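Structure first, commentary second.
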Amino acid sequence: MTDYNNYAFIDGQNLHKTIEELEWFFCYFKFFNLLKTKYNVSKAFYFIGFTQDRNCRLYKILRKAGFQLCLRSPVIAIINGERKIKANVDSNLITSALIKLNNFDKAIIVAGDGDYYYFAKYLLRNNKLLKILLPSRQDSSNLYRSSMFSNNISYIENMRQYLEK
């Protein structure tokens, strides 16, 4: 068996928000195991905002499951008149992946928004993209529906039976 050195780059804000909207009892241990066994991931980087008082339990679970946390201090944004906490991990994820580009064979991107489209395209053109795992079909960007990515897309919502607690 060939040893692969694939990395997963996970937009934790995007994944966590979608899981909450779908009302799942998502098991991060099973998700990490899936990344290791199905996609030969040796390291999984989970990018998420750091809020000391809100997500400490989640951070512990993620670390225990095997994820390497990449925390970013959030900012308060006013969106449609509502006060929201935004971590904007996108640029951190892309920059981190590009810095590590020569350290891995292939990358898996876990995110549904279109912010990663050009990054995914770059990885694909350089034979570095293994898979884009979109949390849900409904909340994913139309940009990924092009034929360019047809062999590289999977939906986490289709793995619900395996990934629920």
Inset, instruction - Can you work out which of the residues in region 140-164 that are assigned to a loop (DSSP other than H, G, I, E, B) and farther than 24 Å from Asn33 by Cβ is nearest to the chain's Cα centre (by Cα)? - result: Ser141
Legend entry - Failed item in (1) over 18 Å from Leu130 (Cβ atoms); (2) crowded, with 17+ Cβ neighbours inside 10 Å, with Ile78 passing the rest: (2)
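Applying the selection to region 37-62, what residues are under 22 Å from Lys100 (Cα atoms), touching a strand residue (DSSP E or B) at 6+ places or on another chain (Cβ under 6 Å) and not β-branched (Val, Ile, Thr)? Break it down into steps so the answer makes sense when it comes.
Going residue by residue through region 37-62, those that are under 22 Å from Lys100 (Cα atoms) are 37-49, 62.
Remaining after also requiring touching a strand residue (DSSP E or B) at 6+ places or on another chain (Cβ under 6 Å): 39-41, 43-47, 49, 62.
Correct list: Tyr39, Asn40, Lys43, Ala44, Phe45, Tyr46, Phe47, Gly49, Leu62.
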Inset, instruction - Give the residues of region 115-139 that are modelled with pLDDT of 90 or more and either of a type in the set (D, E, K, R) or not in a helix (DSSP H, G or I) (or both), sorted by residue number. - result: Lys121, Arg125, Asn126, Asn127, Lys128, Leu129, Leu130, Lys131, Ile132, Leu133
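Just name the residue that is farthest from the chain's Cα centre (by Cα) out of those in region 58-98 that are charged (D, E, K, R) and closer than 16 Å to Asn14 by Cβ. Explain how you work it out, then say what you get.
In the first step, residues of region 58-98 are kept if they are charged (D, E, K, R); the result is 60, 63-64, 72, 82-84, 86, 90.
Now restrict to residues that are closer than 16 Å to Asn14 by Cβ: 72, 84, 86, 90.
Details: Arg72: 15, Lys84: 21, Lys86: 16, Asp90: 10 Å.
The selected residue is Lys84.
The values are calculated or read from the model by the stated rules, or taken from the named source; none is laboratory data. The structure presented is a predicted model; accordingly, all values stated were derived computationally and were not measured. Here the Cβ is made from the backbone with ideal geometry for all residues, glycine too, and neighbour counts use every protein chain on show.
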